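The values are calculated or read from the model by the stated rules, or taken from the named source; none is laboratory data. These numbers come from a predicted model, not from an experiment. Methodologically, a virtual Cβ is constructed for each residue, glycine included, from the backbone with ideal geometry; neighbour enumeration extends over all protein chains shown.
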């Protein structure tokens, strides 16, 4: 983390832990929440700082959404046993005799 971004990261983490969810994932950190946080903390954000917090929020939600998708798509495993020639012959016996 660059030294210049440490304070923004701290602010974002503070806002992030207060975000709400809707059952389908996390909600974005809205301007109202940022404004209220800024008022309570006595922080006057510069435009680039606000833009950075919004960008971090967007990236955080993208990562969380991907984690949900990855969790919902389990890797399909057909069998625990590897398919050997003996197993294949047992499943599909030769009907020619």
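Just need a number here: residues in segment 30-42 that are touching a helix residue (DSSP H, G or I) at 6+ places or on another chain (Cβ under 7 Å) and within 21 Å of residue 4 (Cβ to Cβ). It would help to see each step written out before you state the result.
Step one: of segment 30-42, the residues touching a helix residue (DSSP H, G or I) at 6+ places or on another chain (Cβ under 7 Å) are 33-34, 37.
Applying the additional criterion that residues be within 21 Å of residue 4 (Cβ to Cβ) yields 34, 37.
Of the residues in that region, 2 qualify.
Looking only at segment 47-82, filter to residues that are at pLDDT below 80 and part of a helix (DSSP H, G or I); which one of those is surrounded by the most Cβ atoms within 10 Å (Cβ to Cβ)?
To start, the set of residues in segment 47-82 that are at pLDDT below 80 comprises 67-81.
Narrowing the set further to residues that are part of a helix (DSSP H, G or I) leaves 67-72.
Working: 67: 11, 68: 13, 69: 9, 70: 9, 71: 8, 72: 7.
The qualifying residue surrounded by the most Cβ atoms within 10 Å (Cβ to Cβ) is 68.
Going through segment 1-29 one residue at a time, which ones are closer than 16 Å to residue 61 by Cα and in contact with a helix residue (DSSP H, G or I) (Cβ under 8 Å, 6 or more places away or on another chain)?
If we filter segment 1-29 for residues that are closer than 16 Å to residue 61 by Cα, which is where we start, we get 9, 12-29.
Within segment 1-29, 9, 12, 14, 15, 16, 18, 19, 25, 26, 28, 29 meet the criteria.
For segment 7-30, which residues satisfy the criterion of being in a loop (DSSP other than H, G, I, E, B), loosely packed, with under 12 Cβ neighbours inside 10 Å and more than 16 Å from the chain's Cα centre (by Cα)?
Correct list: 18 only.
Among the numbered criteria (1) at pLDDT 85 or above; (2) loosely packed, with under 10 Cβ neighbours inside 10 Å; (3) part of a helix (DSSP H, G or I), which one does residue 44 miss?
Single failed check for residue 44: (3).
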